[in-house]
Amino acid sequence: MCESIGREFNILHNNIHLDAEASMMTDDNSDDNEEEFDDDCLLVRCGCLKITANMLNIPSQSFPAASSQQRVSPSGQSGRNKVALKPGHSLIDWIRFTKSGKDLTGLRGRLIEVTQEELQKHNTRNDCWTCIRGMVYNVTPYMDYHPGGEQELMLAAGVDGTDLFDQVHRWVNYESMLKECLVGRMAVKTTAATKATLPPPSPTGLTRGTSVGPPPNKDSHPRYDWFQSDVSVHLVVYAKRKIPRSGCTVVDLQDGLLRLEVLLGKMSYMIHLRLAEEVKETVSVHTAFAVGKIQVSMIKQAGGHWSSLGQPLEGHNTFVHKTVTDLFYRTCLLVSKSEVNYNTILLQLKLPGGSVMHVPVGKHVYLKSLTQDIEVVRPYTPIDSELVAVSDLSSQESYLYLMIKIYPDGVFTQLLEKLRIGDSVSVSNPQGNFSIRPLRNITHLFLLAAGTGLSPMVRLIKHALQDIDTLRMIKLLFFNRQEKDILWRHQLDHLEAQEERFQVEYVLSEACENWTSRKGRIEESMLKDFLHRASDSKCFVCVCGPTAFTDLAVRLVKQQGFNEEELHAFQG
């Protein structure tokens, strides 16, 4: 019996990724009538084993939670704070410890079914179990390695910690991090499982020129059609709403599989097909922003007439809440790496030939890599290669540019710094809930950034100057320690000289004697002078930087009379 259970758990542990790694999406084109999607019936498959979320006592999720460090919060709510770890307790030290061969579960390699009563017994600092998505872990050995500190872990001692985990870092692959701490699975309830099914595919396939959108009673939902010539095939999505100029389309075409995701506010519209015939693995995307039309074009490998577009795959033609969609990664190649300053680099990543990715303003992506068989994931905000250059959205978004600050003790940034031209890294779909809707018709945009908190501001500045007709002024207050830490100073100064609606001012906390601009740290009198609000103005404030900076800045901005609808804090 134990041996059978052990085999079953090994299959679960090695082959199933329960974490849906949901997004943080709230776009400028959110439809007030968009439906929420319930994933109570998430189905996990492992051979003939089927376990629903209800059976595993998995609560419905909302990611990130309001207090999450990963949330881009209009209310400016603070996220968790990291604690100072003891020497020898970094992430890399934890990885080494898990590979030491020590018994981290206390069960000498056995895997067990854990009842609710048994879980509740393990609720102390020296004997701490917690449950995440139906799987139970002994996190006692991890206490001193946890960046959030012992107190944060103890909140989940002896209980289901899924919600608490999601509030902080749902995107982290805990299964990889805690695989040596796996105790077993929560005992399954006796209630009947709800079976999750996909709609059966059409027996005749998708015929040329036939509308395959959702039923008429859901006329706010996107739909798609397709048409063809002898040499090409074209798929057209009708979003039924305006599309932001920064785009909302992600296409991945590989080995005859087409995955198209259109990011529309809180919702994700998915096309997922095994194409009927072979095509060349290149794809072009053309967007009519004002009418909400997206055309994806592909070249046929052999030519001729197709009787159908292809075979529907899981998730095809669905319009669901982003929180129930999985992160999808593609492998990107490093094509250039340049120095921004002494500790910051600019990476240029090339998407695969069959991929096109439009990253909306204010959104980020996750980078994923392995270090000693442990999957490490970190969020980064793409920027444009130039701040000053003005250009329309290219139909072929083949490159991503990332500004990365290298930390001496940073596991992931050290990996990125060591990348050589031609090396690869996994990149996720765009994520984030920043909305440009509140920016409509504003007259003044105030930006408070510290260090690499400049990253989301770069594309925001360009968007505001190009697309907000009512804009009179953008003012950036940029905080750094020393003059050498100022990122893209030349580009910011150049933009200020070119554009009369843009002003930048630098603040240094460790300024040299000949520094003539502002000195010190963010404080009330500084913002009182900076955040000047004219009587006929419509203002908006964005904040981004380290957590402590962001928390203080948000509090000070509110003290100047700005409400939550006029304030957006990027957290992360």
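The values are calculated or read from the model by the stated rules, or taken from the named source; none is laboratory data. No experiment lies behind these values; they were computed from the predicted model shown. Ideal geometry is used to build each Cβ from the backbone, glycine not excepted, and the neighbour counts take in all protein chains shown. For accessibility, only protein heavy atoms count, side chains too; no ligands or nucleic acids. Shrake-Rupley method; radii C 1.70, N 1.55, O 1.52, S 1.80 Å.
In this structure, Lys300 does satisfy being charged (D, E, K, R), at pLDDT 90 or above and open to solvent by less than 40 Å² (accessible area, probe 1.4 Å).
Yes or no: Lys242 modelled with pLDDT under 95 and farther than 20 Å from Thr325 by Cα? Against the criterion (modelled with pLDDT under 95 and farther than 20 Å from Thr325 by Cα), Lys242 qualifies.
Looking at this structure, is Gly134 in contact with a strand residue (DSSP E or B) (Cβ under 6 Å, 6 or more places away or on another chain) and either at positive phi or open to solvent by less than 30 Å² (accessible area, probe 1.4 Å) (or both)? When the stated conditions are applied, Gly134 passes them.
Entry remark, the stretch 245-271: residues being aliphatic (A, V, I, L, M), touching a helix residue (DSSP H, G or I) at 6+ places or on another chain (Cβ under 8 Å) and at pLDDT below 90 number 1 in total. If you scan the stretch 108-128, which residues turn out to be open to solvent by less than 10 Å² (accessible area, probe 1.4 Å) and closer than 30 Å to Asp409 by Cβ? Result: Cys128, single match. Among all residues of the stretch 133-140, there is none that is β-branched (Val, Ile, Thr) and in contact (Cβ under 8 Å) with a residue 60 or more places away in the chain. Leu448 passes every criterion in (1) outside any strand (DSSP E or B); (2) crowded, with 17+ Cβ neighbours inside 10 Å; (3) touching a residue at least 40 places away in the same chain (Cβ under 8 Å) apart from (1). When the stretch 489-518 is examined, which residues are found to be at pLDDT 95 or above, in a strand (DSSP E or B) and either more than 17 Å from Leu460 (Cα to Cα) or of a type in the set (Asp, Glu) (or both)? Within the stretch 489-518, Glu505, Tyr506, Val507, Leu508 meet the criteria.
Matching residues to (1) within 22 Å of Trp488 (Cβ to Cβ); (2) open to solvent by less than 10 Å² (accessible area, probe 1.4 Å); (3) in contact with an Asp or Glu (Cβ under 8 Å, 6 or more places away or on another chain); (4) free of Cβ contacts under 8 Å to residues at least 40 places away in the same chain:
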| site | (1), (2), (3), (4) |
| --- | --- |
| Gln311 | no, no, no, no |
| Asn317 | no, no, no, no |
| Thr331 | no, no, no, no |
| Val335 | yes, no, no, no |
| Val340 | yes, no, no, no |
| Val356 | no, yes, yes, no |
| His364 | yes, no, no, no |
| Thr371 | no, no, no, no |
| Tyr380 | yes, no, no, no |
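Residues are listed down the side, and each one gets a yes or a no for (1) buried (at least 21 other Cβ atoms within 10 Å of the Cβ); (2) over 30 Å from Thr547 (Cβ atoms); (3) modelled with pLDDT under 85:
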site: Pro141; (1), (2), (3): no, no, no
site: Glu152; (1), (2), (3): no, no, yes
site: Ala156; (1), (2), (3): yes, no, no
site: Asp163; (1), (2), (3): no, no, yes
site: Val168; (1), (2), (3): no, no, yes
site: Gly184; (1), (2), (3): yes, yes, no
site: Ala192; (1), (2), (3): no, yes, yes
site: Leu198; (1), (2), (3): no, yes, yes
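Arg420 falls short on exactly one of the conditions (1) of a type outside the set (A, V, I, L, M); (2) without any contact (Cβ under 8 Å) to a residue 24 or more places away in the chain; (3) in a loop (DSSP other than H, G, I, E, B), and that condition is (2). Would you check if Leu260 is touching a Leu at 6+ places or on another chain (Cβ under 9 Å), open to solvent by less than 10 Å² (accessible area, probe 1.4 Å), without any contact (Cβ under 8 Å) to a residue 40 or more places away in the chain and not in a loop (DSSP other than H, G, I, E, B)? Answer is yes for this residue. Determine whether Ile436 is hydrophobic (A, V, I, L, M, F, W, C), over 30 Å from Leu370 (Cα atoms) and under 22 Å from the mean Cα position of the chain (by Cα). Against the criterion (hydrophobic (A, V, I, L, M, F, W, C), over 30 Å from Leu370 (Cα atoms) and under 22 Å from the mean Cα position of the chain (by Cα)), Ile436 qualifies. Residues that are under 24 Å from the mean Cα position of the chain (by Cα) number at least 1 in the following strands (runs of 3 or more DSSP E) confined to the stretch 278-371: 279-288, 293-300, 318-321, 329-341, 344-350, 355-357, 365-371.
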